[in-house]
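To start, the structure itself, in structure tokens.
The values are calculated or read from the model by the stated rules, or taken from the named source; none is laboratory data. A quick note: this is a predicted structure, and the numbers were derived from the prediction, not measured. Because the Cβ atoms are built from the backbone with ideal geometry, glycine has one as well, and the counts that use them run over all protein chains shown. Ligands, DNA and RNA are stripped out before the accessible areas are found, and what is left, the full protein with its side chains, is counted by its heavy atoms. Shrake-Rupley method; radii C 1.70, N 1.55, O 1.52, S 1.80 Å.
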Amino acid sequence: MAESNTDTKSSNQMWGGRFASGPDAIMEEINASIGFDKKLFAQDIRGSVAHATMLAHQGIISAEDKDKIVHGLNTILSEIEGGNFEFSRRLEDIHMNIEARLATLIGPAAGRLHTARSRNDQVALDFRLWVKEELEKTERMLTSLIAAFLDRAEEHAESVMPGFTHLQTAQPVTFGHHCMAYVEMFGRDRSRVRHAIEHLDESPIGAAALAGTGYPIDRHMTAKALGFREPTRNSIDTVSDRDFAIEFLSIAAIAGMHLSRLAEEIVIWSTPQFGFVRLSDAFSTGSSIMPQKKNPDAAELVRAKTGRINGSLVALLTIMKGLPLAYSKDMQEDKEQVFDAAESLELAIAAMTGMVRDMTVNTARMKAAAGSGYSTATDLADWLVREAGLPFRDAHHVTGRAVALAESKGCDLAELALSDLQAIHSDITDKVYDVLTVEASVASRKSFGGTAPSEVRKQIAFWRARN
């Protein structure tokens, strides 16, 4: 019984005299967040050091107490990083675990650290710092992925492949151009990351529970010390805001969708039926029963990770949608969603960067497929408009007849005899054959952002300058 009483007393120190008895096992289980929010230890200590320094600068606590607090916090940081810190579920969260250890290390001075702040603005600060750092990491990883695509695009600026709509052969493009499509996608993702960092670049500390504080604090000082642009401007919104976490998850979901689309293409391209790319053993697995199999497991798992990220976004939106201002305990459920999504996104970007750099591209197979499905039909229609003066709709009709004829003969458009083409329209000359090869088709697409190798190289140069 003595041990139980000691535990109860320890667990209730944070509540002061309000509660006579400790929470039961169910309350402890539902209330504790230390199992996941211990990931915020570095941000919590960093915020506390800045807060204590500001309190001393403002004369709210003594310089001596500040020095003790900072020294104690740095000791705790070393203990946690060294794996020598014992986290307690009875102390609920990372904030109370650190504060309790600080009291053991430096005594009563530890109690002065919580002056002019609340766990509400403290957790808002810790979480915001963590998300900011994660966004900065995501930005670096996306930059590496873009660089990988730029290298492959430059390597294959002239490598012809089929372009698809509805997953049906549409028009010839170059593999370099296709790679640059993903550069654009991931470039937008990186732009969203940068905007998100700008949006959240405000310091919550000093908002206290919800109304601010009567102490003469300097929130601009702590904002600067913590690397924020400025402090937040409304204390109620500050402690109730999780837009920064939702925005991170939104960005992660969009980026994950882009990664999943790429993963799907790699899965398709690596099948024997396509044979466009071959993944190395580093990003493939074998079959337990079929020795000939080489499965694109890394790509498939990237595709699956997107589902987890999407689920995290929906979960946090659902958690937040019915909460009145300001803080509610529901918001404790925000972190696991973000932590899980961040881990999934990091792993997916890293895996995809590795696959893009590592995969072998079968240019001969791509080129052979590029001419299938009468992919130069649009070039024939454009030639009729340009050289024979036909309205495009008439040219489209003439081209459709030529495709039907080639289909009946079992040959490509370029293999039709001139007499066959002239029987369809008398103005067709032998110059039409200049546009019916896949090489001529891609070379002609010189419009800005088109697939012509010269245009692809211009876009590569543009992105290299900004990457």
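If only residues of the range 367-396 that are of a type in the set (D, E) and more than 15 Å from S441 (Cβ to Cβ) are counted, the one that is most open to solvent (accessible area, probe 1.4 Å) is E387.
Please go through the range 413-441 and pick out each residue that is under 20 Å from A370 (Cβ atoms), β-branched (V, I, T) and either open to solvent by 30 Å² or more (accessible area, probe 1.4 Å) or touching a His at 6+ places or on another chain (Cβ under 8 Å) (or both). Once the filter is applied, which keeps residues that are under 20 Å from A370 (Cβ atoms), β-branched (V, I, T) and either open to solvent by 30 Å² or more (accessible area, probe 1.4 Å) or touching a His at 6+ places or on another chain (Cβ under 8 Å) (or both), the range 413-441 yields only T437. The helices (runs of 4 or more DSSP H) found wholly in the range 228-343 and carrying at least 2 residues that are small (G, A, S), closer than 25 Å to K137 by Cβ and in contact (Cβ under 8 Å) with a residue 12 or more places away in the chain occupy 243-269, 297-320. When the range 452-467 is examined, which residues are found to be more than 14 Å from E184 (Cα to Cα) and among the β-branched types (V, I, T)? None - no residue of the range 452-467 is more than 14 Å from E184 (Cα to Cα) and among the β-branched types (V, I, T), so the list stays empty. Taking the conditions exactly as written (under 24 Å from A452 (Cβ atoms), open to solvent by 20 Å² or more (accessible area, probe 1.4 Å) and at pLDDT below 90), does T399 satisfy them or not? Considered against the rule, which asks whether it is under 24 Å from A452 (Cβ atoms), open to solvent by 20 Å² or more (accessible area, probe 1.4 Å) and at pLDDT below 90, T399 comes out as no. Of the candidates D334, D297, D281, the single residue that is crowded, with 19+ Cβ neighbours inside 10 Å and farther than 24 Å from P162 by Cβ is D334. Among the residues of the range 161-182, those identified as in a helix (DSSP H, G or I) and aromatic (F, W, Y) are F175, Y182.
Just one of the listed residues (T138, T174) is more than 26 Å from the chain's Cα centre (by Cα), assigned by the TED database to the domain that holds E198, at pLDDT 95 or above and crowded, with 22+ Cβ neighbours inside 10 Å, and it is T174. Only one entry in D412, D420 is more than 49 Å from the chain's Cα centre (by Cα) and not small (G, A, S), namely D420.
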